[in-house]
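Taking it in order: structure first as structure tokens, then the write-up.
The values are calculated or read from the model by the stated rules, or taken from the named source; none is laboratory data. Fair warning: this is a prediction, and the values are worked out from it, not measured in the lab. Positions of Cβ are backbone-derived with ideal geometry, glycine not excepted, and every protein chain shown enters the neighbour counts. Just so you know, the surface numbers come from the protein's heavy atoms only, side chains and all, with ligands and any DNA or RNA stripped out. Shrake-Rupley method; radii C 1.70, N 1.55, O 1.52, S 1.80 Å.
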Amino acid sequence: MSDVFGRFAPFLQDYIYRSGWESLREVQVKAAEVLFDSESNLLLTSATASGKTEAAFFPVISRLYEEEPTTFGALYVAPLKSLINDQFSRLDEALDLSGISVFHWHGDVAVSHKNKALKTPRGILQITPESLESMLMNRSNDVVRLFGDLRYIILDEVHTLTGTDRGNQILCQLCRMARLIGRDPIRIGLSATLGDPGKAAEWLGAGSGRKTEVVGMQDSRTSWRLGMEHFYIQNDASDQTDPLSRYLGEETEADVGEEPDSEAFPSAEGYIPLDPGFEYIYDCSREKKCLIFSNSREETEYLTATLRQIADRRGEPDVFQIHHGNLSASIREEAELKLKDDELRTVTCATVTLELGIDIGRLERILQVDAPSSVSSLLQRLGRSGRRGEPPEMMMVFREEDPLPNTPLPQLMPWGLLRAIAIVQLYLEERFIEPPSVKKLPFSLLFQQTLSTLAASGELSAKRLAERVLTLPPFAEVTPEDYKTLLVSMLKNDYLEMTEEKGLIVGLKGERLVNSFKFYAVFKDSEDYTVRRGSDEIGTITTPPPVGDRFALAGRVWEVEELDIPRKLIYVKEVKGKMEISWPGDFGEIHTRILERMKQVLVEDTVYPYLKKNAQKRLDVARRVARNTGMLNRSLVHLGGYSWCLFPWLGTRSFRTLRKFISRHGKAFKISSMEYEGCYYMTFKMEQGDGQGLIQHLNEMALAEGIRLEELVSPSECPVFEKYDGHIPAELLRKAYMADRLRTDEVLRRLSDLAAE
């Protein structure tokens, strides 16, 4: 054990011995040295399951033990309730008999536990951003009593917070709290996947007045067990690879390792598959403790119901759990507990809610339906397995409709498979991870923080309000003129009210907003209806079906027995079957490096060792199509008649900018009917001129005048994305759209490349 070990509190030393640790990990030693020997902030970035939690908490707990604070001494803020529940149970065990209290606080925590925390604010408080917002608004006069001696603030999963309204909300909260208590606690940020630690450290320390040290450890694991397989949905089993035959890819760094043993898996012969891709997933997870990720709640629901249907058809037990944000707390917690139980071989279907760092025990395998959206997401999900000395293990499964003879060229490409290969290769070849983004004009958050600040403080002059709000770090680039525009709009629409003394207070419409618990969250929510079976809460859905109709939730099908519209309740009974359900959602951005690497996948002849038989065959077909159509040599392809397709190989923001630039400056070519899928391609009609002429014209316009964003966003546009954008003046929304959702530099380079083709 290192010298750091001797500086830990005695009960932590005992805990380490009881847990059988032979030594402290390097990341734990380096983090402890920063926290014991300096007053700097700390950004701690290392692989999943590398001991980050202990690296942060053990020095903090030891410091609190040496000198007991008179209020909460440490505040842990996490984006998910499941993370807080997990850390609460882990800390409670480590602090047993220490005398240091640990309280957790979010919407599912009992009032009695919260009252105990309020009565004796000591030790560590674990909280969500929404609950912290509620405290600052509704208990502002009690903040000093609760947090006056606060010394540390720990932010978990920093990579999910940078560049988002939710992350910026936390920065606002920390600065508001620091002003109230008259001190800036040390900030500690934790993350497993950061593309640019320097940018993340700058974000973490914003407004704290402290230097931020970065402790980062490379992932010491040198191999993955990775496989990818592809299925056409309509084909029968005879056209597919046997799902139990060599079903998992090789251990790989950048080369081939040993094939995993497939002999231990029984045959699944003798049945006609309901869906070959889902049958394959079922067999890959059979008698294994697995986590299956999907990219949406809809896919997760449908997958869970299908796997249960397969189990029922085969006469095998239902071992399937489900986890996503619209399920009741009890269903989510049951899934988490079963994941942590090493004796149970359960299969849990989940969304991003289980991507983050809760300790879910020893998982034997991760499965992924379709491609993750980012390298960061891949690493987070892959890192859910491979604990306790085993290599991380993941199988990705891709399903697509069998193309018809008249399917257009762009729809012949397996975009999900290409994206997955590109993501894997970028990390293997370059250790590339997407850098954190910075939001320049978060007007939705500005609206919310304005109301929150006034609700907490009462009447303020416009000048004092601006001094308090615009000095919060996320609003550094908001001009006083733009804030004045927002305040005037809020007054005009009754969100604010001016008193006779010319002070500002929350107006009538503003009160309706701040008096709802939904106000505390800055992410979009919907008017959800709670689904109940008797006294059991199942979860929530967005739209109430009529009595007698059926819908899917928690991987099962329910029939509506009774509706209580005023109380937003739906009473149901369970029935057999399988159905789809939909929720509104945003699927995030894709980085340009991923699109560029996807093109390279089509250009090169590399045989990737992790592709199984069907996936390799599908890639071979895609490569032949790409080469035969010329789309790799000339990105603008004529589809016949007036129809054209452009493959720009640009990420989400740059693709969006190019699309608008073409619409703006392609009028002489009579361009119309533009359609697109994600950022993979755009199709349009061009009734005049030819493709090369269009590209040359666009490049010349860009070289002569640049790409003027104000010309691409028309005065009639009102781009609404964030929760409170509907309350923001359209002129401000257009500014935010230009600043945070468009990008010109990559478009200028790409137009030059296209002109040279």
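Please list, ordered by chain and number, the residues whose modelled amide H lies under 5 Å from the amide H of residue 214; skip anything fewer than 5 residues away on the same chain. Excluding prolines and chain starts, which carry no amide H, the hits are 43. Using the Cβ-Cβ distance between residue 613 and residue 274 with R0 = 22 Å, the FRET efficiency computed as 1/(1 + (r/R0)^6) comes to roughly 0.55. Note that the chain presents 42 Å² accessible area per residue, ligands and nucleic acids not counted, probe 1.4 Å. Full extension of the chain between residue 438 and residue 461 yields a length gain of 5.3 nm, computed as 0.36 nm times the residue separation minus the alpha carbon distance. The HN-Hα couplings worked out from phi for segment 133-149 by the Karplus form 6.51 cos²θ - 1.76 cosθ + 1.60 (θ = phi - 60°) are 4, 4, 4, 5, 7, 9, 10, 4, 6, 9, 4, 5, 5, 7, 10, x, 10 Hz, whole numbers, x standing for Gly and Pro. Between residue 627 and residue 390, the modelled label-to-label distance comes to 4.0 nm, taking each label 7 Å out from Cα in the direction of the beta carbon.
Taking amide H as placed 1.01 Å from N in the peptide plane, the amide H of residue 321 sits under 5 Å from that of 347, 348, 349, each at least 5 places away or on another chain. For the Cα trace of the chain, dividing Rg by the Kirkwood Rh returns an Rg/Rh value of 0.96. In this rough spin-label picture, where each label sits 7 Å from Cα along the Cβ direction, the residue 567-residue 501 distance is 4.4 nm. Modelled spin labels at residue 701 and residue 21, positioned 7 Å past Cα toward Cβ, are 6.1 nm from each other.
What do you get for GluC sites (Glu not before Pro) in segment 391-499 restricted to DSSP loop and a cutoff of at most 13 other Cβ within 10 Å of the site's Cβ?
The qualifying sites are 401, 477.
Note on residue 515 and residue 38: with the Förster distance fixed at 45 Å, the Cβ-Cβ geometry gives a FRET efficiency of about 0.55.
Just subtract the alpha-carbon distance of residue 313 and residue 96 from 0.36 nm times their residue separation and send over the number in nm, one decimal.
Values: separation 217, 0.36 × 217 = 78.12 nm, distance 4.76 nm.
Extra length from residue 313 to residue 96 when fully extended: 73.4 nm.
Within the accessible surface of segment 538-653, defined with a 1.4 Å probe on protein heavy atoms only, the carbon and sulfur portion equals 51 percent. Remark on residue 154: its backbone amide H falls under 5 Å from those of 75, 76, 77, 188, a criterion applied only to residues 5 or more positions apart or on other chains, H modelled at 1.01 Å from N. For segment 162-179, the residues whose amide N sits under 17 Å from a probe point set 7 Å from the Cα of residue 202 along the beta carbon direction are 162-164, 168. The GluC sites (Glu not before Pro) of segment 62-143 that DSSP puts in a loop, and whose beta carbon has at most 12 other beta carbons within 10 Å, are 67.
Starting from the coordinates of the alpha-carbon atoms of segment 105-190, obtain the Kirkwood hydrodynamic radius over all distinct pairs and give the value in Å to one decimal.
Evaluated on segment 105-190, it is 13.6 Å.
Overall, the chain carries a charge dipole of about 1640 debye about its Cα centre when +1 sits on the Cβ of Lys and Arg and -1 on the Cβ of Asp and Glu, all other atoms neutral. Which of 521, 413, 448 sits farthest toward the positive end of the charge dipole of segment 407-524, with +1 on the Cβ of Lys and Arg and -1 on the Cβ of Asp and Glu? Value: 413. Is the shape of segment 38-104 best called rounded, prolate or oblate, per the rule: a/c under 1.5 gives rounded, else a/b larger than b/c gives prolate, else oblate, with a ≥ b ≥ c the square roots of the Cα gyration tensor eigenvalues? Oblate, since a/c reaches 1.5 and b/c is not below a/b.
Based on DSSP H segments of at least four residues, each scored -39500 (n - 2.57), the chain has a per-residue ellipticity at 222 nm of -12000 deg cm²/dmol.
Relative contact order for the chain: what percent, with Cα pairs under 8 Å and sequence separation of 6 or more?
Value for the chain: 12 percent.
Its convex hull of Cα atoms gives segment 43-171 a direction-averaged projected area, equal to a quarter of the hull surface, of 7.9 nm². Overall, the accessible surface of segment 290-368 at a probe of 1.4 angstrom is composed of carbon and sulfur to the extent of 46 percent. In the complete set of protein chains, residue-level accessible area for residue 523 is approximately 100 Å², probe 1.4 angstrom.
Sorted largest first, the principal axis extents computed over the alpha-carbon atoms of segment 332-431 equal 51, 32, 20 Å. Coupling constants for segment 430-435 follow from the phi torsions by the Karplus curve (6.51 cos²θ - 1.76 cosθ + 1.60, θ = phi - 60°), and in residue order they are 10, 6, 6, 9, 4, x Hz; glycine and proline get x. When only alpha carbons are used to place a centre, segment 669-714 and segment 1-79 end up 55 Å from one another. For the set 560, 603, solvent exposure ranked by accessible area (probe 1.4 Å, protein chains only) runs largest to smallest as 603, 560.
If a paramagnetic tag sat 7 Å from the Cα of residue 638 along the Cα-Cβ line, which residues of segment 688-712 would have the backbone N under 17 Å from that point? Residues passing the 17 Å test: 688-697. Fully extending the segment from residue 604 to residue 364 would add 83.1 nm, taking 0.36 nm per residue of separation and subtracting the current Cα-Cα distance. Here r is the Cβ-Cβ distance between residue 110 and residue 549 and R0 is 35 Å; the resulting FRET efficiency, rounded to 0.05, is 0.50.
In order along segment 293-310, the Karplus-derived 3J(HN,Hα) couplings, from 6.51 cos²θ - 1.76 cosθ + 1.60 at θ = phi - 60°, round to 9, 10, 8, 8, 5, 4, 5, 5, 4, 5, 5, 4, 4, 5, 5, 5, 5, 5 Hz, and Gly and Pro are given as x. The mean of 1/r over all pairs of different alpha-carbon atoms in segment 385-529, once inverted, gives a Kirkwood hydrodynamic radius of 20.2 Å.
Roughly what % of DSSP beta bridges within the chain run antiparallel, to the nearest 5?
Numbers: 37 of 91 bridges.
Of those bridges, close to 40 percent are antiparallel.
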